[in-house]
Amino acid sequence: MPELPEVETVVQGLKPRVLGRTIESAAVLWPGVVKADPAWFVKTVAGREIADISRRGKLILMRLDPLLYLVFHLKMTGGLFTPAPDQEPDPHVRLVFELDRGERLFFKDMRKFGYCMALSWSELSAWPFYAELGPEPLEIGPDEFVNIFQARKGRIKSLLLNQKLIAGIGNIYADESLFRAGIHPEARGTELCQAELLKLHRAVQDTLRQGIEAGGASIRDYRNARGEQGWFQTKLQVYSRKDQPCPCCGETVRKINVGGRSSCFCPKCQPCKD
Ligand SMILES: [Zn+2]
C-alpha cells in the first residue's frame, strides 16, 4: 500500500500538471470508485478548477474552486497520474478527469479498494476517518512523539500503524523505522524508555524523508504521477527481506505476525524486551 512518502511523491508530481486546471468533464468507469451516484459526481465536479493539492496521512486532497474537495485514497493498488497524450485508459482505470488544455488525470486501481469522494468542507470535517487522523509524523517534535506512545500498552508496531495516533505510516516504513531504532516490533509502548522513543522519532522522520527523496518505494504496483517507479525499495534493510542476512550484523531477518500484520525484523539488532 502506498504510504506517506509514496502519496507525497504523487502529490508533488501532480502539482505542476494539474494545479489551476479546470475539470471539463469526468467519466466514472467503475461506479464503486466514487462512493456516490456516478451521474451526480460527474455533474458536480465539472467546471471546477483544481486550486490546491495536498496530502493528509495517506489521503490526497484536491481543493476545487468553487469550493469542493476531491479526496483520494489509493489503498492497496491505487494510482493517480497524468497519462501520455495518446494513452487510452486500460481496464484498471476507474475514473478519468478531462482537464482544460488537453490534460487528463487517471485514477487506476487493480484491486478496487481505492476511492475518490467529492465532499464539501463540512462533510470532509465530519468524516470520521479524516477527523480522527493523528498528527503528521514529519511535523511533530520529539516530545509530542514520546507523549503519543509512552503510556500505551499496545505493541509498538501496531501503534505506529494506527492512523488515529500518527498518520501516514504503513508496514514498510514502520518495519524500517523500528529496525533503525533497534526496537523489537512486539515491544509495548509502556516498555519503551524515553531514550528509545526519541530514537524512534528520529528513525521515523529519517526513514520517511529518505522515502520521499527516493520517490517512494515501488513494491507491487506503486507508480508516481508520471507512471515511474520510486527506488526506496532498493534501500530496504528488513522489510520484505525475510530469511536474508541483516545488513548490519548478518543475523537472519525474521518475519512474525504482530496484530495481524507481517513484521520483518532482526532478532539481534532489535532484541526482545521479554
Ligand atoms: Zn542485525
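Only the coordinates and a few stated rules stand behind these numbers; no lab work does. Note that the coordinates shown come from a computational prediction; the quantities given were computed from them, not determined experimentally. Neighbour counts are summed over all protein chains in view; Cβ atoms, including those assigned to glycine, are modelled from backbone coordinates with ideal geometry.
Here are a few things to note about the model shown:
- In the chain, the longest principal axis of the Cα atoms and the axis of helix 4-18 are about 20 degrees apart.
- For peptides 19-26, 110-117, 248-255, sequence by mean Cβ density within 10 Å, most packed first: 110-117, 19-26, 248-255
- Take every pair of alpha-carbon atoms less than 8 Å apart whose residues are at least six positions apart; their mean separation over the length of the range 195-274 yields a relative contact order of 17 percent.
- Burial order of peptide ranges 177-189, 85-97 (average beta-carbon count within 10 Å, highest first): 177-189, 85-97
- Theoretical FRET efficiency, 1/(1+(r/R0)^6), r = Cβ-Cβ of Arg226 and Gln194, R0 30 Å, to 0.05: 0.10
- Net charge dipole, the range 115-274: roughly 520 debye, given to the nearest 20, about the Cα centre with Cβ charges of +1 for Lys and Arg and -1 for Asp and Glu.
- Hypothetical label at Trp30: residues of the range 111-141 whose amide nitrogen lies under 11 Å (7 Å Cα-Cβ projection): 111-115
- Shape of the range 1-90, Cα gyration tensor, a/c cut at 1.5: rounded
- Between the range 246-274 and the range 21-79, the Cα center-to-center distance that results, in Å: 40
- Nearest-ten-degree value, helix 194-213 long axis tilted from longest Cα axis of the chain: 40
- Relative contact order (%) - the chain, alpha-carbon pairs under 8 angstrom, separation at least six: 19
- Per residue Cα convex hull volume in Å³ - calculated over the chain: 126
- Between the range 156-229 and the range 110-145, the alpha-carbon centres lie 17 Å apart.
- Each principal axis of the Cα atoms in the range 174-253 has its own extent, and those three values, largest first, are 43, 26, 18 angstrom.
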